[in-house]
Amino acid sequence: MAVARAFKPTFVIDRVVYGTITMMCVLIVYDGWSKVDLVEVIGVMAGPIVAMFLAHVFAALIAKQASVDSTLDVAECLDTTRRESRFLLLAVPPAALTTILSVAGVSLTTCIQIVLWAGVSSLGFWAGLAGRRAGLTGWHLAMAVLAGVIVGLLVLAIQVLLEPGGKTVV
């Protein structure tokens, strides 16, 4: 447990939940799954993560610069970039899952569906982990997990409301 806490779990949970929801939204609204190959699918997954990484680096740098009322040196910029670079790892699980499933012969559309449902499960897991670390047990912990799953299902409901491309991915 001490090792897990050394990685600033609130930072990790925050970034994983934020990245998961954003990636789920991109996967839901993207309308070109029938026209892409595996490499392009991974690009669609990695694109928003890279954009969020750049946004976090840029936001952190300008906030830091504003707080010190001076320009930042290269070391400060690199330190911020290194700290935020963990965010890029969020593209690995869905890309790996999609690659494994695709190599196993699963269609890319089905791969995307599985990744979306894995996202729902992930949100339940992280909500449960946060609840557990807050000392919840029993029904209270189950409700925390359920809250994460409900958020994931609400994200999936976006697809029903938007009906991207006139067809449903989920």
Residue check, THR99 part of a helix (DSSP H, G or I) and modelled with pLDDT under 95
no
Considering only segment 15-22, I want to know if a residue exists there that is within 19 Å of the chain's Cα centre (by Cα), of a type in the set (Phe, Trp, Tyr) and either buried (at least 18 other Cβ atoms within 10 Å of the Cβ) or at pLDDT below 90 (or both).
yes
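Looking at segment 81-92, is at least one residue outside any loop (DSSP other than H, G, I, E, B), among the acidic types (Asp, Glu) and touching a Phe, Trp or Tyr at 6+ places or on another chain (Cβ under 8 Å)?
Yes: one or more hits.
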Subset of segment 110-135 (residues that are within 14 Å of ALA96 (Cα to Cα) and not aliphatic (A, V, I, L, M)):
CYS111, GLY119
Residue within segment 60-78 that is within 19 Å of VAL16 (Cβ to Cβ), modelled with pLDDT under 95 and outside any helix (DSSP H, G or I) present
no
By residue number, the members of segment 61-96 that are surrounded by fewer than 16 Cβ atoms within 10 Å (Cβ to Cβ) and of a type in the set (A, V, I, L, M, F, W, C) are ILE62, ALA63, ALA66, VAL68, LEU72, VAL74, ALA75, LEU78, LEU88, LEU89, VAL92, ALA96
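Check VAL151, VAL115, VAL106, VAL155 and return the single one that is surrounded by 14 or more Cβ atoms within 10 Å (Cβ to Cβ) and not in a helix (DSSP H, G or I).
Working: VAL151 fails: not in a helix (DSSP H, G or I); VAL115 fails: not in a helix (DSSP H, G or I); VAL155 fails: not in a helix (DSSP H, G or I).
Result of the check over VAL151, VAL115, VAL106, VAL155: VAL106.
The values are calculated or read from the model by the stated rules, or taken from the named source; none is laboratory data. Treat the numbers as computed from the prediction; the structure is a model and nothing was measured. For neighbour counting, all protein chains shown are included, and Cβ atoms are generated from backbone atoms with ideal geometry for every residue, glycine included.
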